[in-house]
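These notes are about the structure you will find just below.
We did not get these values from a lab; they are worked out from the coordinates using the rules stated. Because the structure is predicted, anything quoted here is derived from the model rather than measured. Note that each Cβ is placed from the backbone with ideal geometry, even for glycine, and that neighbours are counted across all protein chains shown.
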Amino acid sequence: MKIIPFSKSREHLTNQYDKIKKEFERERELLLHEEVKAEYFNAPTLQEGKGRAIKHFLSKVKLFINPYDIFCDMAETGITPMHLRDSEYGRICPVSRDANLSESCGAYLSGWDPGHTMPDWKRILTLGITGILSEAEGHLERENLTDEEKAFYRSVKYAYEGILIYIKRLYDLAEEAEGENAVFAKENLLEISMHEPRTLSQAMQLYFIYYMVQHHVEGENLRSLGALDSLLYPYYKSDIEKGIITKDEAREMIRYFLYKWTSMHVLANMPFNLCTEVNEMTYLILEEYIALDVIDPKIHIKCGKNMPDDVLKMVLDSIRNGKSSFVFANSEVVKKSLMNIGEEECDAEDYTLIGCYEPASAGKEFPCTLNGRINLPMAIEVILGGGKNFRCDEVLGEVTGKCESFDEFYNEVKKLLKSWSEKSIAEISRIEKKYPEFLQSPVISGTFESCMEKGMDAYRGGAKYNNSSICIFGLATFADSLMAIKKMVFTEKIVSLSELTKILKANWEGYEDLRLYAKNECKKFGNGDVEADFFAEDITRFMSENINGKENGRGGVFRLGIFSIDWIIHYGRLTGASADGRRKGEALSKNISASVGMDKKGVTGAINSATAFNHSLASDGTVLDLAIHPTAVSGDEGLNIMLSLLKTYFNKGGFAVHMNVLSAETLKKAQENPERYKNLQVRLCGWNVYFADLSKEMQDNLIRSMGE
């Protein structure tokens, strides 16, 4: 294998996708877009038109070659067929008044989600582009096909013909380029243009080809590379046995492979999963990823019963040394969560995590993991406001006003949340029933066996499981606010409900003593307190009953997510002062962690509270953020402590967890001297970033979460 050593190519690969954008010609892009529109709208059906549009685009778009890269895929993707979908969505599915109002007021959001998908990577690698094309052509020869089935198979045929043209055009460019890497790339492109990948390098090259087409051209955001070690291991094993490559040469390819994703700046777009049954590729990928010291792609560690401690320790040691781009998932709980919404055990076992921590049956499920979100603390605010929140004069819910006891007040909150769930489900389902009018996905649909068997696009319900999701967030803020209201209004009668409402509307001004009492003297979620944790357990069960398993608009069901990702800042700005002592506009609590600064019982308290509810109810995922001071986990003993914490959390039923091993002092120094700490990584949510790249508001929130 003759390629330039990665160490000599690295600087030429950094930001390579940004560099080609400087050569984009807007006029040429607009002209091509008009041609693509004509292919789309002039076809007999829009389904068929999408395949023709993709083929035309891939036949004409300007391509680029980096002679220092061993994998090729770069194209001018400023305006692609994806933009046809986006413009049609706005025309066909205008936002309803209720949905627009609820979103602008920070109550709940309901919409479409073409942004969280994963193809069947196993079929892509097994069949190759030529195999999927042949499959579509074979189906077209069947008798008694309906018009819809014919249109679907034609769309897949056209799209995959376009991918082959794209590969051959890249081959021609590579043939013109000079250098060992271009020759290496050319040979791999030639092979995958003729058949399925048969070597490790061919499989890796196909990953980039497919990702570029689905993610950037078709526009279904691709959020996982699947169980990468499991998928690539057979090619590695075969290459080693045949003497095609050595182990060191495999490492070189892995460095190129991983760093190419880094150069894309994929951020949250594309984590990959390491499988629960480890193999030699597991170690090679982890070792090279850690050595690269990069922030993406993100890595999901699927933890099964047989996951060896040495793998876990390797990752945990990396985290405590500042490389935080990992999340651990409890495979047993994930499996139960998918089975809870009707998925077969064998499918649930073979899951992937899409995006941040959202599970899906690999190759069987076409999930939309972020259709909706519900702001839990806002429900309390609206009940206090008599049906309105503190900043809008619009009615956000019906309120009886009968709150003579705490139970009556809490029941009003729950009735409102049930109403929001029903409205969100109805709005999302309304949009989904319109999908066939503007959403056609021949590229990803061609990878699903069930879509090809049914002759049906994934957005029409072609996958085995076609599910949608609604997330609840602000869990600790919600639970803490209820605890404060129960104590201050109904138990100790320090203030009446109407008086508290006026105080909150005034953002606690003139009542600082009461605010501090609410903040410091009322029990808080995140400390293992049974009374405070009750509300988190009760509301997650209640919301599960109102979301999980409800029918959606494309032949599947809804599933509940219990996470916030980075919404806590935006929705915090929209949410008024809350009864837990939080001021207007401050961030809400994150994921299933305590409110910032309210976890007084350390990691043990955080784990006990986080596992107070049944995580298998979170079929769309949930996660605990753990902030650990470096001094607590130093040395061999510290590493064993981290491993023990991870296992304890999973043994108690935890779904997923990620960690930051940092101190508030370090973050403050990094805020004051960003140039000196420009490589400091932090796990923000479903992704990690360089601390220096965050807004000051987000930096401050992280500093407080580290125990300022």
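Distance between the pseudo-spin-label points of residue 344 and residue 453 (7 Å out from Cα toward the beta carbon): 0.8 nm. Each residue in 110, 644 was given a count of other beta-carbon atoms within 10 angstrom of its own, and listing them fewest first yields 644, 110. With viscosity set to 1.002 mPa s and temperature to 20 °C, compute the Stokes-Einstein D of the range 1-154, Rh being the Kirkwood radius across alpha carbon pairs; µm²/s, no decimals. Result for D is 110 µm²/s. For the range 181-247, a Kirkwood hydrodynamic radius built from all Cα pairs, placed in the Stokes-Einstein relation at 20 °C and 1.002 mPa s, yields a translational diffusion coefficient of 165 µm²/s.
For a bin width of 5 Å, list the pair-distance distribution of the range 273-389 built from all Cα-Cα distances, rounded to whole %. The percentages, shortest bin first, are 2, 10, 17, 17, 15, 11, 10, 7, 5, 3, 2, 0, 0.
Within the range 66-85, find all residues whose amide N lies under 20 Å from a label point positioned 7 Å from the Cα of residue 42 along Cα-to-beta-carbon. In the range 66-85, the label zone of residue 42 (backbone N under 20 Å from the point 7 Å along Cα→Cβ) covers 80-85.
So if I average 1/r over every pair of distinct C-alpha atoms in the range 1-87 and take the inverse, what Kirkwood radius in Å does that give?
14.7 Å
One-quarter of the Cα convex hull surface for the range 321-383, in nm²? Intermediate values should be presented prior to the final figure.
Working: hull surface 27.9 nm².
Directional mean of the projected Cα hull area for the range 321-383 stands at 7.0 nm².
Place a +1 charge on the Cβ of each Lys and Arg in the chain and a -1 charge on the Cβ of each Asp and Glu, then give the dipole magnitude about the Cα centre in debye, rounded to the nearest 20. Don't skip to the answer; put the middle values down first.
On the way: 86 positive and 105 negative charges, 246 e Å.
Its charge dipole is roughly 1180 debye.
Of 570, 658, how do they rank once you tally other Cβ atoms within 10 Å and put the fewest first?
Working: 570 12, 658 27.
Neighbour counts put them in this order, fewest first: 570, 658.
Here the extension length gained between residue 34 and residue 541 equals 177.5 nm, from 0.36 nm per residue of separation less the Cα-Cα distance. Comparing 542, 428, 466 along the charge dipole axis of the chain, the residue lying farthest to the positive side is 542, per the Cβ-charge model.
Candidates 324, 5, 204 compared by Cα position along the dipole of the chain: farthest toward the positive end lies 324, with charges placed on Cβ. Label-to-label distance, residue 636 versus residue 675, with points set 7 angstrom from Cα along the beta-carbon direction: 4.3 nm.
From its DSSP helices (H runs of at least four residues, each -39,500 (n - 2.57)), the chain gives a residue-normalised ellipticity at 222 nm of -16000 deg cm²/dmol.
In percent, how large is the relative contact order of the range 371-497, given Cα pairs closer than 8 Å and 6 or more residues apart? Intermediate results must be reported in sequence, preceding the final value.
Numbers: 120 pairs, mean separation 38.9, N = 127.
Computed value for the range 371-497: 31 percent relative contact order.
Using Cβ contacts closer than 10 Å as the measure, can you line up 102, 230 from fewest to most? Numbers along the way, then the final one.
Numbers: 102 25, 230 22.
So the ranking, lowest neighbour count to highest, is 230, 102.
Candidate cross-link partners of residue 669 among the aspartates and glutamates, defined by an alpha-carbon separation under 17 Å and a same-chain spacing of 8 or more, comprise 693, 697, 700, 708.
Label positions at residue 149 and residue 332, each projected 7 Å from the Cα along the C-beta direction, are separated by 4.5 nm. For the residue pairs 302/652; 55/150; 487/519; 8/313, alpha carbon separations beyond 20 Å are given by 8/313. Short-range pairs are left out: with C-alpha atoms under 8 Å and at least six residues apart, the relative contact order of the chain is 14 percent.
For the range 147-288, taking the reciprocal of the average inverse distance between every pair of different Cα atoms yields a Kirkwood hydrodynamic radius of 16.5 Å. Here the range 568-677 was treated as a single set of alpha-carbon atoms; its pair distances binned every 10 Å from 0 give 12, 34, 36, 16, 2 percent. Magnitude of the charge dipole for the range 201-309, about its Cα centre and with charges confined to Cβ atoms of Lys, Arg (+1) and Asp, Glu (-1), is about 180 debye. In terms of packing, defined here as the mean over residues of other Cβ atoms within 10 angstrom, the peptides 559-565, 273-279, 623-629 line up highest first as 559-565, 623-629, 273-279.
Count the DSSP beta bridges whose two residues both fall in the chain, then state the antiparallel fraction as a percent rounded to the nearest 5. Kindly include the intermediate steps, with their values, before the conclusion.
Values: 14 of 41 bridges.
Around 35 percent antiparallel, to the nearest 5.
Positive-end ranking of 240, 558, 438 along the dipole of the chain, with charges on Cβ about the Cα centre, is headed by 558. At q = 0.24 Å⁻¹, what log₁₀ I(q)/I(0) does the range 221-325 have when each alpha carbon counts as one equal point scatterer in the Debye sum? Debye curve over Cα of the range 221-325, log10 I(q)/I(0) at q = 0.24 Å⁻¹: -1.47.
Given the choices [x] -0.31, -0.43; [y] -0.36, -0.49; [z] -0.49, -0.62, log10 I(q)/I(0) by the Debye sum over Cα atoms at q = 0.06, 0.07 Å⁻¹ derived from the coordinates of this structure is entry [y]. Ordering of 690-703, 57-70 by packing is 57-70, 690-703, highest average first (other Cβ atoms within 10 Å, averaged per residue).
For the range 477-577, the alpha-carbon radius of gyration amounts to 1.33 times the rule-of-thumb value 2.2 N^0.38 Å expected for a compact globular protein. With a Förster radius of 30 Å applied to the C-beta separation of residue 248 and residue 11, the computed FRET efficiency comes to 0.90.
Using unit Cβ charges (K, R positive; D, E negative) and no other charged atoms, how large, in debye to the nearest 20, is the dipole of the range 508-594 about its Cα centre? Each step should come with its number before you reach the end.
Working: 13 positive and 14 negative charges, 88 e Å.
Dipole magnitude for the range 508-594 comes out near 420 debye.
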